[in-house]
Amino acid sequence: MDGKILIVDDEKEIADLIEVYLVNDGYTVYKFYNGSDALKCINETEMDLAILDIMLPDIDGFHICQKIREKFFYPVIMLTAKVEDTDKIMGLAIGADDYITKPFNPLEVVARVKTQLRRYVNYNNSGRKIVEETGEHDIKGLVINKNTHKCTLYGKEILLTPIEFSILWYLCEHSGNVISSEELFENVWGEEFIDNNNTVMAHIGRLREKLGEPAKKPKFIKTVWGVGYTIEQDKTRKKL
């Protein structure tokens, strides 16, 4: 399997060892010993997965992960010498997908990489089948599950009311399409839409707040002025 893997670790021996194993498995590796150089590469080259050490001499791995999540949604694996749950919780909250604690077996790293890439690609190439089997949508790290009635953003649960959940589910079910306020209202509330009804707009506003979305440049629920609302399909996932 091929794919572009970013490795950022100031411990040269560890970074070099991971590189050897990944290259032997057919991956293309971009390796850096500091955060600044890694950030430049992230902005210039689209990766398929990142492996980030938390403790770096200039910029910590949490900051790099946050920068990645501002633009990209490929898997991020954090490396840490610490075992505190607070570090893991913080990493998952800002968008990390997995954790590996040092010292580790490099074969474990390769196995984790394969698992994350397989999950990432499967959601992209078999999204509809997975939704039918699991009752779940995963759009750019926003996961909504109809069976468990739970919604998470980068691993952190977002508490939604039944109406908010229904709105978000309907938009995800029709991702890539623009849905009018009228269609949303009639399908979620089950009532006839009346002109000048601001109910949908108010609920969309609350949803955006819970997702931490900026009003002017939302990442998920976007407004198509004069038409309605849309959640775009995840175009960053591609076949490796």
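The values are calculated or read from the model by the stated rules, or taken from the named source; none is laboratory data. Just so it is clear, the structure is predicted and the values come from calculations on it, not from any experiment. We place every Cβ from the backbone using ideal geometry, glycine too, and count neighbours over all the protein chains shown. Just the protein is used for accessible areas: all its heavy atoms, side chains included, with ligands, DNA and RNA removed. Shrake-Rupley method; radii C 1.70, N 1.55, O 1.52, S 1.80 Å.
Data for the structure
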{"item": "Residues (among the small types (Gly, Ala, Ser), in contact (Cβ under 8 Å) with a residue 40 or more places away in the chain and not in a strand (DSSP E or B)) located in region 1-57", "result": "3"}
{"item": "Flag for residue 192 being of a type in the set (Asp, Glu) and modelled with pLDDT of 85 or more", "result": "no"}
{"item": "Members of region 57-99 found to be among the acidic types (Asp, Glu) and at pLDDT 85 or above, listed by number", "result": "58, 60"}
{"item": "Filter result (open to solvent by less than 40 Å² (accessible area, probe 1.4 Å) and modelled with pLDDT under 85) within region 100-116", "result": "116"}
{"item": "Every residue from region 170-220 that is open to solvent by 70 Å² or more (accessible area, probe 1.4 Å), more than 20 Å from residue 137 (Cβ to Cβ) and assigned to a helix (DSSP H, G or I)", "result": "182, 186, 201, 209"}
{"item": "Filtered residue count, region 58-69, keeping only those that are outside any loop (DSSP other than H, G, I, E, B) and open to solvent by 50 Å² or more (accessible area, probe 1.4 Å)", "result": "3"}
